[in-house]
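Shown next, in structure tokens, is the structure this report addresses.
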Amino acid sequence: LLASIVRDIDIVTNVEINTEPAKFADSGLAISNVVTIDGSTASPDAVIEAAGVNSLVIASGDAGTINTRTIDMNDGQVLLGGGGILDVVGCDSGSMAVVNAADDGAIRGVDIRVTGGSPEGIVLDEDARLLVSDVTITTTSGSAPGIVVSGTSDLTILESSIQSIGGSSPAVVVTDDGQVTIRDSSIITGGGGSYGVLASDNSRITITNS
């Protein structure tokens, strides 16, 4: 069942091995593609960009830590660390299934962006949407927050660690009408006088068990 989802974005619906496309359970968006990156991936940024919108990216820890910069995340993508669990639904039948990445993945020293050219770990502008699950994201620039959300963007962080170290930048910055949900995660800053979360304007933040 899971191999079918991860490989073909399909759900096995019965013993005759009929399959159907799958969609993300939380957003209802059909999964367009599934790709895996690990420590041996030569150009993780190119792989993720080529995966397209509404795709599932699995960050595997099998080959060690993934060291990269300037990853342009597509709208609607899901970044799932090894060991993470993700609910999916059959597009036709509505049958539920679970994608279970089987190892511990981490992305460190990374620059993950949805749009823009800033050096932050994750940047969401305008009306972007991104789910990060079971991933460690560490930015090491002293002036770079771990996450910046603006416009009407929507970011969900599940069972992850967002770290901004080496300076006084907040781990999470939310402006305009941005919305962030943080659950079962850690927010870490490494500089004196820095905030864990800095919100302004009409932004909305929900933090649970973090």
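Numbers below:
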{"quantity": "Qualifying residues in region 81-98 (those that are touching a Gly at 6+ places or on another chain (Cβ under 8 Å) and within 15 Å of D134 (Cβ to Cβ)) - the one modelled with the lowest pLDDT", "calculated": "G83"}
{"quantity": "Residue that is modelled with the highest pLDDT [pool: residues in region 48-78 that are open to solvent by 50 Å² or more (accessible area, probe 1.4 Å) and among the β-branched types (V, I, T)]", "calculated": "V53"}
{"quantity": "Per-region count, region 26-47, residues among the hydroxyl-bearing types (S, T, Y) and surrounded by 16 or more Cβ atoms within 10 Å (Cβ to Cβ)", "calculated": "3"}
{"quantity": "Enumeration of residues in region 41-81 that are hydrophobic (A, V, I, L, M, F, W, C) and over 16 Å from I137 (Cα atoms)", "calculated": "A42, A46, V47, A50, A51, V53, L56, A63"}
{"quantity": "Residue, modelled with the lowest pLDDT, within region 160-210, restricted to residues that are in a loop (DSSP other than H, G, I, E, B), open to solvent by 70 Å² or more (accessible area, probe 1.4 Å) and within 20 Å of L80 (Cα to Cα)", "calculated": "S210"}
{"quantity": "I157 vs. criteria at pLDDT 85 or above and surrounded by 20 or more Cβ atoms within 10 Å (Cβ to Cβ)", "calculated": "yes"}
{"quantity": "Failed criterion for S4 (all others in (1) in a helix (DSSP H, G or I); (2) among the polar types (S, T, N, Q); (3) modelled with pLDDT of 90 or more hold)", "calculated": "(3)"}
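The values are calculated or read from the model by the stated rules, or taken from the named source; none is laboratory data. Being a predicted model, the structure only gives us computed values, none of them experimental. For neighbour counting, all protein chains shown are included, and Cβ atoms are generated from backbone atoms with ideal geometry for every residue, glycine included. For the accessible areas, the whole protein counts, side chains as well, though only heavy atoms, and no ligand, DNA or RNA atoms are used. Shrake-Rupley method; radii C 1.70, N 1.55, O 1.52, S 1.80 Å.
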